[in-house]
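Contents: one structure, followed by commentary.
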Amino acid sequence: MPGKNDTRVVKSFCRMCGKCCGIDIQVENGRVVKIGAMKEHPVNRLCVKAQAIPDLLYSPQRITHPMRKVGGAWQEISWDEALDIITEKLAGIKENYGARALVVHLGEPTVGTAATGMAARFCSLYGTPNYTSGASLCFAAKGIGHGLSISRHMLPLSPSYENTRCVVVWGHNPRQADIGEEADIIAAQKRGAKLIVVDPRTIPLAKRADIHIQVRPGTDCALALGLLNVIIGEGLYDADFVGRWMLGFDKLAEHVREYSPEVIEKITWVPADTVRHFARMYAASKPATITQGVSLDHCINGVQNSRAISTLVAVTGNLDVIGGNTYNTPLKQKSLRVKGIVAVDEAIGADFPIFNKFVSETTAMPVADAIITGKPYPVKAMIIQACNPALTWPDSSKARQALEKLDLLVVSDLFMTETARLADIFLPAAVFPERKFIADYATKGIPLLALSQQALEPPADCMEDWWLWAELGRKMGYADYFPWQNADELFAFLLEPSGVTLKQLEQNPGGIPYSQPEQERKYEQEGLDTPSGKIELFSPTLADYGYNPLPTFTSLDNLSERYPFTLITGSRVVAFSHSQHRNVARLRKLVPEPVVEINPEPAGKLGITGGEQVALESPKGSITLKAVVTPDIHPGVLSIQHGWEEANANILTASDPHDPVSGYPGLKTTTCRVRKIGE
Ligand code: SF4
């Protein structure tokens, strides 16, 4: 076991973001002193955040004891007292309003950890269908969109760079989001692959691209349909593959006929000839791969964006080939869900049945409205773990108003976040080197299961995320369902169906591959897990639920004289992960303040020279931040990061309109205006 007075290297993963890079944690005298890349691990190209792990662990701002708010002031209490208060409150809320008055919400740092299953288990036993997570805002739209084409489940396609002849980087900036991926793309280009970048910003890869498409935010689906128009119209698709494996090709061909490059130019700002050039380059390169960012999720038709992209991949014969786009089904582990207790159609997100079905949880996006209006039923309590919705949910004013209205708000986190400040009870959490966890890399394109070893004991009263649910469950009377006393017991239970043991994972720090990454066209042996057994270009599932069964573009013509710019929020920045890490001085030095990027042409007209404070206003609100004038952004677009308390991007965003399938808001299509302060 880890302890003091020891010097050793611990094989772990970095969890400063969801990439889970393999790291060597050097411990001296019980303290983490250095982080290095783990050479045995296939994902090991570390970004700057990894070096800040000790700063996070030993931050003086870290809260290490449970606290309750009394008369507006925080008081330290024991875990026992904290859980007793929560138990009593939850029992009362259930009695007065019903169990569904509780919403549980887990954030990105818990993704892939046992905490998610434990929280969902707790929800079922309490009787609420309202288990929610960061999937309500990130990643799931892609998994659903791709999944609807090739599976009954979330199944995101991964880019494959080996031997590829063409890379399309779509709404994604690897320089900030994934430096290892950027290196792979540049290496592919050096081997002769073409590079196409689709982004309203001139990201670093755009400067070395064969084609840079400055697409109008929110019109990506239309662009993809325009590409399909050219590819199908010019016979550039893989006819043999289409004939054997596709459902609805004729309907698709008919559907895209109206999206000629000339029509697409009017919708997307992309010249018709460029649309043709893009389509021909992508279709003629065999194999070709597409890497898409979360930007495409954050549109009012984000699921259809991903449907359209998976259709492009399929009709060009690039599905599950090395150098094209591959998929991997995660290794089977035991589910912690308790089935048959809660009715999903009573969930707060019942209006999003495909999200509920594919993600196996409900969406949190309607929660703020439900708390404020009491409709469709009262929501009186939330337990939020590792998430900061006061900053990260759309329409922050509404989110804040909702959180303040709750009878009980419990927040478990490392620091006193903007959301934690609104809480009644604060529960201190462990940082990832203070706990073990298992990661499956299937959704990252690698069929690999690996164990992150615990390097340290958590300080003072900080506890592992999964333990909170087990202990609260025991207090609530569900002890039979939470028999695990430590992480090893829980992980052994979870691993049972996988055929992999904890001991094997401990002996293989670089992970255990569970299928051959080089295996192509798995559907030829395994079939496809769609209702028809084919790639569903026409989706009967979407049709059954009343959605457009073909990849369909929804227009959002929301620009006006008053709000002439489209604002994109949420662009990644390598120093931070969402709203986290701005309190780490080493990282804050890299990006000291929030900025808005504006093109010189509109900046000149508005008298903005760069470096001054400007007011950024949308129909929802206004924030003040520094202007950066740069040619690296389309003149009609402004860009800001999310996660800054000083200039909260979500003061400007709205929860409506939203994607009808995923519930995701249009974070990339907010209309706004900008002016110099004082004008
Ligand atoms: S923060 Fe950086 S080093 Fe850590 S997992 Fe993410 S990409 Fe890897």
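The values are calculated or read from the model by the stated rules, or taken from the named source; none is laboratory data. Being a predicted model, the structure only gives us computed values, none of them experimental. Cβ: placed from backbone, ideal geometry, glycine included. Neighbour counts: every protein chain shown. For the accessible areas, the whole protein counts, side chains as well, though only heavy atoms, and no ligand, DNA or RNA atoms are used. Shrake-Rupley method; radii C 1.70, N 1.55, O 1.52, S 1.80 Å.
Condition check for Leu494 on (1) open to solvent by 30 Å² or more (accessible area, probe 1.4 Å); (2) over 29 Å from Tyr161 (Cα atoms): one failure, at (1). Inside region 557-606, can you point out the residues that are on the phi > 0 side of the Ramachandran plot and open to solvent by less than 30 Å² (accessible area, probe 1.4 Å)? Selection gives Gly570, His581.
Restricting to helices (runs of 4 or more DSSP H) lying wholly in region 134-209: which have 1 or more residues that are surrounded by fewer than 22 Cβ atoms within 10 Å (Cβ to Cβ)? Even if it seems obvious, please write down each step before you answer.
Values: elements: 140-150, 174-177, 179-190.
Passing ranges, in order: 174-177, 179-190.
Answer yes or no as to whether Ile63 is more than 12 Å from the ligand (Cβ to nearest atom) and either more than 22 Å from Gln580 (Cα to Cα) or charged (D, E, K, R) (or both). For Ile63, the condition - more than 12 Å from the ligand (Cβ to nearest atom) and either more than 22 Å from Gln580 (Cα to Cα) or charged (D, E, K, R) (or both) - is not met. Scanning region 606-627 turns up one or more residues that are outside the structural domain of Ile300 (by TED's automatic domain parsing) and assigned to a helix (DSSP H, G or I).
Pull out all pairs, ordered by first then second residue, where Cβ-Cβ is under 6 Å, the residues are six or more apart or on different chains, the first lies in region 567-587 and is near the ligand (Cβ under 10 Å from one of its atoms), and the second is among the polar types (S, T, N, Q). Close Cβ pairs (under 6 Å, with a partner that is among the polar types (S, T, N, Q)) amount to Val574/Gln176.
Would you check if Asp488 is closer than 27 Å to Val103 by Cα and either in the same structural domain as Phe122 (by TED's automatic domain parsing) or buried (at least 23 other Cβ atoms within 10 Å of the Cβ) (or both)?
On the way: closer than 27 Å to Val103 by Cα: no; either in the same structural domain as Phe122 (by TED's automatic domain parsing) or buried (at least 23 other Cβ atoms within 10 Å of the Cβ) (or both): yes.
When the stated conditions are applied, Asp488 does not pass them.
Evaluation of Ala73 against the conditions (1) farther than 30 Å from Val574 by Cα; (2) under 20 Å from the mean Cα position of the chain (by Cα) shows that the sole unmet condition is (2). Every listed requirement among (1) in contact (Cβ under 8 Å) with a residue 60 or more places away in the chain; (2) of a type in the set (A, V, I, L, M); (3) touching a Leu at 6+ places or on another chain (Cβ under 7 Å); (4) in a helix (DSSP H, G or I) is met by Leu490 save one, (3).
Filtering Lys142, Lys190 for residues that are among the basic types (Lys, Arg) and closer than 29 Å to Val411 by Cβ leaves a single hit, Lys142.
Ile348 falls short of the stated requirement of being buried (at least 23 other Cβ atoms within 10 Å of the Cβ) and assigned to a helix (DSSP H, G or I).
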